[in-house]
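Asks: Sharing a structure here in structure tokens format.
The values are calculated or read from the model by the stated rules, or taken from the named source; none is laboratory data. Model, not experiment: these values are computed from the prediction. Note that we place each Cβ from the backbone using ideal geometry, even for glycine, and neighbour counts take in every protein chain shown.
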Amino acid sequence: MSKMQKYIAGALVLCVAFFGLMFARVIAKPATKFELRQIPEDQKLTRMAYAEAYPLQFNSYKMTMDKSPSPTGFGGADAYSHLTEQPEQIELFKGYKFSIQYDDDRGHWYAGEDILNSKRRPGQLGSCIVCKGSYMYDVYFKESGWEFASKPFDEVVAPIKDDEWFGCSSCHDPETMKLRIYNQGFVESMAELGIDVSKASHNDMRAYVCGQCHNEYYFKKKEDGRVHMPFANGLGPEEEWKYYHDGHDPKFDYDWIHPDSGAAMLKVQHPDFEVWTDSVHALNGVTCVDCHMPYMRQDGVKYTSHYMTNPLKHYDTACAKCHDESYETMLHRVQTINDNTFKLLRMAGQTTARAHKVIKAAHLAGATDEQLAESRQLVREAQWYWDWVSAESAMGFHNPDKCMKALGISIDAAHRAIESATAAVKGGQLEIEAMPTEPFTDTKFADAIKPGMAPPAQAPAPAQ
Ligand code: HEC
Ligand code: HEC
Ligand code: HEC
Ligand code: HEC
């Protein structure tokens with residue numbers, strides 16, 4: 001070899017070693033192979049029984065009890081009221097239980113406690129326990145399928161012990177400790193999208209285990225109350241909107257009738273999985289687990305952190321393994337996304353809330369159900385796209401473009417709803433009621449508008 005060739009060969013070896021190390025750093029699996037421990041059969045759905053067997057994972061999981069604030073000022077590990085933070089939500093959810101109490105989420109440790117203490121609990125059904133741990137699957141579903149879902153909530157939760165809410169079995173098969181998806185609603189809905197989750201790759205599982213609960217779902221009404229996701233057309237706000245109108249589920253039209261506008265409304269639930277699914281990160285194979293469950297090291301043992309919270313609290317382990325920016329620079333970047341999203345979110349929410357009041361005023365001024373049909377459909381649409389971002393958990397960060405687009409569609413639809421309702425009252429002066437400022441204590445209203453016609457079966461095509 002000439003001197004030059006030696007240099008080149010040397011440089012190549014260095015390159016391979018350098019990029020190899022980089023690669024290993026990013027995708028490395030825990031070096032320590034963990035042993036499968038024996039957990040007593042009757043304690044497999046708990047968490048305490050795993051404390052000694054898997055102390056590193058257990059202790060980090062216990063950290064989800066932490067209530068520290070969010071470094072960005074959005075979200076955070078303690079419950080605060082969305083109704084107080086954004087009072088327009090009181091009007092938006094009027095007539096539905098979310099106008100009574102709508103608090104921000106806390107850590108997984110509290111999942112059972114929070115649902116048992118919720119002011120929205122009275123009158124709920126068994127289906128509400130689906131995303132609070134694997135009891136629904138390991139006990140009820142294995143016994144009698146979805147039967148539990150339409151039984152009274154109180155009856156269904158009675159046998160569940162405190163420590164059986166959100167156990168390790170929520171993500172792990174308790175026999176093998178392999179990642180698993182227990183929520184059969186997710187399995188069924190992904191199948192409609194053509195995805196067989198039982199054949200998922202290991203990396204896909206690192207998103208699906210979270211996606212099984214962090215998604216937009218609804219309860220199939222007349223069938224058996226089972227939990228289902230509107231995934232069949234795809235995982236965007238437009239595709240999911242279309243799902244609710246194109247006959248995929250002829251038995252489900254709406255969640256509630258808004259007492260002011262008389263519009264048939266849909267409530268969106270936290271579509272974190274769908275928001276993430278075509279983000280820059282997802283397209284680069286970066287999953288929920290990469291950011292929310294970074295690898296840790298203790299006494300030379302490498303393990304996966306189970307402290308699922310705002311990853312910016314652990315910038316070095318969660319983000320800096322891939323990003324070179326300083327914490328301050330990245331925090332600023334995330335906050336800019338948050339601020340922009342929040343600003344448009346408020347605009348969309350406030351305009352949509354106004355649309356409900358304008359439709360009410362038009363109705364009181366004599367506009368007929370037929371004349372108001374278009375504006376009712378538009379306010380339903382505006383609120384759907386607003387809520388798709390509002391209910392998502394990371395104030396735009398998970399996928400800024402997708403969130404901005406949804407908010408743009410929402411703001412446009414809300415203005416068109418107002419225009420359409422105003423046009424229905426020729427020359428008439430509309431008297432717009434003041435917005436409510438305090439959460440409601442009930443969902444019944446004596447002056448509720450009950451439109452004389454059913455919601456249109458065929459909605460206008462979703463925005464392009
Ligand atoms: C069994 C359903 C379920 C699964 C599986 C699940 N979550 Fe959650 N998650 C919840 C619920 C319910 C809450 C809210 C709990 C509360 O407010 O009491 C929550 C809350 C959170 C929070 C908010 C914590 C805070 O500080 O506010 C984060 C972050 C989170 N989950 C991330 C994840 C990640 C990452 C995964 C996958 C590794 C995951 N979740 C899997 C149901 C689930
Ligand atoms: C919200 C989902 C979720 C819950 C709840 C959960 N785990 Fe995990 N766990 C994971 C994920 C994701 C991994 C990473 C697996 C992988 O990529 O192979 C993991 C990995 C592990 C591993 C493998 C070693 C390691 O550290 O990577 C063990 C052991 C483990 N978890 C134990 C537990 C125990 C014990 C509990 C209950 C105290 C628990 N897990 C609760 C999602 C969860
Ligand atoms: C690239 C890293 C990254 C990925 C991938 C990611 N997240 Fe997040 N997530 C974040 C950050 C950062 C925040 C906090 C954003 C903020 O404060 O503005 C967050 C916030 C959240 C929250 C709210 C936490 C709180 O404080 O209330 C939940 C819940 C959540 N993510 C769940 C998920 C789920 C489920 C997935 C996968 C489908 C996922 N995340 C994928 C980085 C990520
Ligand atoms: C496993 C690697 C990995 C992790 C972990 C990771 N990222 Fe990224 N991130 C990427 C890749 C790859 C890109 C795309 C790079 C590009 O296109 O330039 C990206 C892009 C971004 C972008 C630009 C997004 C856009 O729309 O252009 C931001 C902001 C970002 N990441 C923030 C974070 C934060 C905050 C965390 C921690 C919570 C984090 N990332 C964790 C790999 C990662």
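Asks: Can you go through TYR327, TYR315, TYR307 and tell me which one is under 20 Å from GLY75 (Cα atoms), within 14 Å of ligand 3 (Cβ to nearest atom) and more than 26 Å from the chain's Cα centre (by Cα)? Even if it seems obvious, please write down each step before you answer.
Replies: Values: TYR315 fails: more than 26 Å from the chain's Cα centre (by Cα); TYR307 fails: more than 26 Å from the chain's Cα centre (by Cα).
Result of the check over TYR327, TYR315, TYR307: TYR327.
Asks: Scan the range 11-30 and tell me whether some residue there is in a loop (DSSP other than H, G, I, E, B), among the small types (Gly, Ala, Ser), closer than 27 Å to ASN310 by Cβ and modelled with pLDDT under 95. Let's see the steps before the verdict.
Replies: So in the range 11-30, the residues in a loop (DSSP other than H, G, I, E, B) come out as 28-30.
Checking the rest, the ones that are also among the small types (Gly, Ala, Ser) come to 28.
Imposing the further condition that a residue be closer than 27 Å to ASN310 by Cβ reduces the set to 28.
Now restrict to residues that are modelled with pLDDT under 95: 28.
Yes, the range 11-30 has at least one match.
Asks: Let me ask something additional. Do you know which of the residues in the range 58-83 that are more than 16 Å from ligand 4 (Cβ to nearest atom) and aromatic (Phe, Trp, Tyr) is surrounded by the fewest Cβ atoms within 10 Å (Cβ to Cβ)?
Replies: TYR80
Asks: Here's another thing I want to ask about it. Please tell me if ASN203 is in contact with a Gly (Cβ under 7 Å, 6 or more places away or on another chain) and within 16 Å of ligand 4 (Cβ to nearest atom). Step through it out loud before you land on a result.
Replies: Working: in contact with a Gly (Cβ under 7 Å, 6 or more places away or on another chain): yes; within 16 Å of ligand 4 (Cβ to nearest atom): yes.
For ASN203, the condition - in contact with a Gly (Cβ under 7 Å, 6 or more places away or on another chain) and within 16 Å of ligand 4 (Cβ to nearest atom) - is met.
Asks: Scan the range 103-118 and tell me whether some residue there is in contact with a Gly (Cβ under 7 Å, 6 or more places away or on another chain) and either basic (Lys, Arg) or within 16 Å of ligand 4 (Cβ to nearest atom) (or both).
Replies: No, the range 103-118 contains no residue that is in contact with a Gly (Cβ under 7 Å, 6 or more places away or on another chain) and either basic (Lys, Arg) or within 16 Å of ligand 4 (Cβ to nearest atom) (or both).
Asks: Does the range 132-155 hold any residues that are in contact with a helix residue (DSSP H, G or I) (Cβ under 8 Å, 6 or more places away or on another chain) and under 26 Å from LYS62 (Cα atoms), and which are they?
Replies: LYS132, GLY133, SER134, TYR135, MET136, TYR137, ASP138
Asks: Something else now. Quick test of your reading of the structure: ALA365 fulfils all but one of (1) closer than 27 Å to ASP105 by Cα; (2) in contact with a Gly (Cβ under 9 Å, 6 or more places away or on another chain); (3) surrounded by fewer than 23 Cβ atoms within 10 Å (Cβ to Cβ). Name the failing condition by number.
Replies: (1)
Asks: Oh, and also: Report the residue count in the range 388-412 for those that are away from ligand 3 (no atom under 16 Å from the Cβ) and either crowded, with 24+ Cβ neighbours inside 10 Å or of a type in the set (Val, Ile, Thr) (or both).
Replies: Keep residues of the range 388-412 that are away from ligand 3 (no atom under 16 Å from the Cβ), which gives 405-406, 408-412.
Still in the running and either crowded, with 24+ Cβ neighbours inside 10 Å or of a type in the set (Val, Ile, Thr) (or both): 406, 409-411.
So the count comes out to 4.
Asks: Okay, moving on. Among all residue pairs at least 6 apart or on different chains, which show Cβ distances below 7 Å where the first residue, located in the range 155-169, is in a helix (DSSP H, G or I) and crowded, with 18+ Cβ neighbours inside 10 Å and the second is modelled with pLDDT of 95 or more and among the acidic types (Asp, Glu)?
Replies: The qualifying pairs are SER169/ASP138.
Asks: Of the conditions (1) touching a helix residue (DSSP H, G or I) at 6+ places or on another chain (Cβ under 9 Å); (2) more than 12 Å from ligand 1 (Cβ to nearest atom); (3) closer than 30 Å to GLU392 by Cβ, ALA77 satisfies every one except a single condition; which number is it?
Replies: (2)
Asks: Let me ask you something else. Does any residue of the range 195-203 turn out to be away from ligand 3 (no atom under 15 Å from the Cβ), within 27 Å of ASP253 (Cα to Cα) and surrounded by fewer than 16 Cβ atoms within 10 Å (Cβ to Cβ)?
Replies: No.
Asks: Could you please let me know if VAL156 is in contact with a Cys (Cβ under 9 Å, 6 or more places away or on another chain) and either farther than 26 Å from VAL209 by Cα or among the hydrophobic types (A, V, I, L, M, F, W, C) (or both)?
Replies: Details: in contact with a Cys (Cβ under 9 Å, 6 or more places away or on another chain): yes; either farther than 26 Å from VAL209 by Cα or among the hydrophobic types (A, V, I, L, M, F, W, C) (or both): yes.
Yes, satisfied.
Asks: So, one more: Checking ALA320 against (1) more than 10 Å from ligand 3 (Cβ to nearest atom); (2) touching a residue at least 24 places away in the same chain (Cβ under 8 Å), only one condition comes out false. Which one?
Replies: Exception for ALA320: condition (2).
Asks: Another question, then. Specify the residue that is surrounded by the most Cβ atoms within 10 Å (Cβ to Cβ); the eligible residues are those in the range 91-114 that are in a helix (DSSP H, G or I) and more than 16 Å from ligand 3 (Cβ to nearest atom). Give the derivation first.
Replies: Pass one, the range 91-114, residues in a helix (DSSP H, G or I): 91-92, 97-99, 108-114.
Right, trim to more than 16 Å from ligand 3 (Cβ to nearest atom) and you get 91-92, 97-99, 112-113.
On the way: GLU91: 25, LEU92: 28, LYS97: 20, PHE98: 23, SER99: 23, GLY112: 22, GLU113: 13.
Residue satisfying both the conditions and the ranking: LEU92.
Asks: Quick one: in the range 267-325, which of the residues that are within 23 Å of SER170 (Cβ to Cβ) and among the small types (Gly, Ala, Ser) is nearest to ligand 2 (Cβ to nearest atom)?
Replies: SER305
Asks: Moving on. Any residue at all in the range 271-288 that is more than 15 Å from ligand 1 (Cβ to nearest atom), crowded, with 18+ Cβ neighbours inside 10 Å, more than 30 Å from LEU56 (Cβ to Cβ) and in contact (Cβ under 8 Å) with a residue 40 or more places away in the chain?
Replies: Pass one, the range 271-288, residues more than 15 Å from ligand 1 (Cβ to nearest atom): 278, 280, 283-285.
With the extra rule that they be crowded, with 18+ Cβ neighbours inside 10 Å, the set shrinks to none.
No, the range 271-288 contains no residue that is more than 15 Å from ligand 1 (Cβ to nearest atom), crowded, with 18+ Cβ neighbours inside 10 Å, more than 30 Å from LEU56 (Cβ to Cβ) and in contact (Cβ under 8 Å) with a residue 40 or more places away in the chain.
Asks: Moving to a separate point now. Could you list, in sequence order, the residues of the range 115-154 that are assigned to a helix (DSSP H, G or I) and of a type in the set (Ser, Thr, Tyr)? Talk me through it step by step, then tell me what you get.
Replies: Residues of the range 115-154 assigned to a helix (DSSP H, G or I): 115-116, 126-129, 135-150, 153-154.
Listed by number, the residues that qualify are SER127, TYR135, TYR137, TYR140, SER144, SER150.
Asks: ARG380 - would you say it is over 21 Å from ASP255 (Cα atoms) and at pLDDT 95 or above?
Replies: Working: over 21 Å from ASP255 (Cα atoms): no; at pLDDT 95 or above: yes.
Answer is no for this residue.
Asks: Could I ask something else about it? So which residues in the range 248-295 are among the basic types (Lys, Arg) and within 16 Å of ligand 3 (Cβ to nearest atom), if there are any at all? Can you show your working first?
Replies: Step one: filter the range 248-295 for residues among the basic types (Lys, Arg), giving 251, 267.
Listed by number, the list is empty, since nothing qualifies.
Asks: Taking the stated definitions as given, is SER127 over 16 Å from LEU45 (Cβ atoms), out of contact with any His (no Cβ under 7 Å at 6 or more places or on another chain) and hydroxyl-bearing (Ser, Thr, Tyr)? Give the steps one after another, and end with the answer.
Replies: On the way: over 16 Å from LEU45 (Cβ atoms): yes; out of contact with any His (no Cβ under 7 Å at 6 or more places or on another chain): yes; hydroxyl-bearing (Ser, Thr, Tyr): yes.
In short, yes.
Asks: List the pairs whose first member sits in the range 443-462 and is over 16 Å from ASP253 (Cα atoms), whose second member is assigned to a loop (DSSP other than H, G, I, E, B) and at pLDDT 50 or above, and whose Cβ atoms are under 6 Å apart, counting only residues at least 6 apart or on separate chains?
Replies: Pairs found: THR443/GLY95; PHE445/PRO259; ALA448/PRO259; ILE449/GLY262.
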